[in-house]
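Engineer: What follows is a structure written as structure tokens; I'll ask about it next.
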Amino acid sequence: MIRRAEGAKKTIFFEEMYGTDITQFRSTGEVDSFIEGKLGRKLETKRSSSNLVSQSGDVFPEGRYDVDHKFRRMLGLEK
């Protein structure tokens with residue numbers, strides 16, 4: 001088994017699934033073309049929306065919280 005650099009771990013699934021070595025590709029376009037050839041059709045892109053990632057790229061929406069108030073509320077000391 002070939003050990004990959006830390007950032008390359010994600011390619012192992014691709015390599016096993018398609019029986020190829022990711023280093024033979026020079027661009028995302030080449031990977032897309034390869035997969036399209038295997039599938040026998042064009043890849044479909046879909047627009048997705050998620051509350052997890054905001055438009056500005058933040059993983060979680062920014063917010064301000066009164067942690068003390070939330071804690072007291074959780075304990076039933078405040079409403």
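Engineer: Which numbered condition trips up residue 54, out of (1) part of a loop (DSSP other than H, G, I, E, B); (2) loosely packed, with under 11 Cβ neighbours inside 10 Å; (3) modelled with pLDDT under 75; (4) under 17 Å from the mean Cα position of the chain (by Cα)?
Structural biologist: (2)
Engineer: Quick check: is even one residue across the stretch 23-45 part of a loop (DSSP other than H, G, I, E, B), under 30 Å from residue 79 (Cα atoms) and at pLDDT 60 or above?
Structural biologist: Here is the first cut: in the stretch 23-45, the ones part of a loop (DSSP other than H, G, I, E, B) are 25-27, 40-45.
This time we only want the ones that are under 30 Å from residue 79 (Cα atoms), so: none.
Checking the stretch 23-45: not a single residue is part of a loop (DSSP other than H, G, I, E, B), under 30 Å from residue 79 (Cα atoms) and at pLDDT 60 or above.
Engineer: For residue 78, which of the numbered conditions (1) in a loop (DSSP other than H, G, I, E, B); (2) modelled with pLDDT under 85; (3) loosely packed, with under 10 Cβ neighbours inside 10 Å fails to hold?
Structural biologist: All conditions are met except number (3).
The values are calculated or read from the model by the stated rules, or taken from the named source; none is laboratory data. This is a predicted model, so every value here is computed, not measured. When we count neighbours, we look across all protein chains shown, and the Cβ atoms used for this are built from the backbone with ideal geometry, even at glycine.
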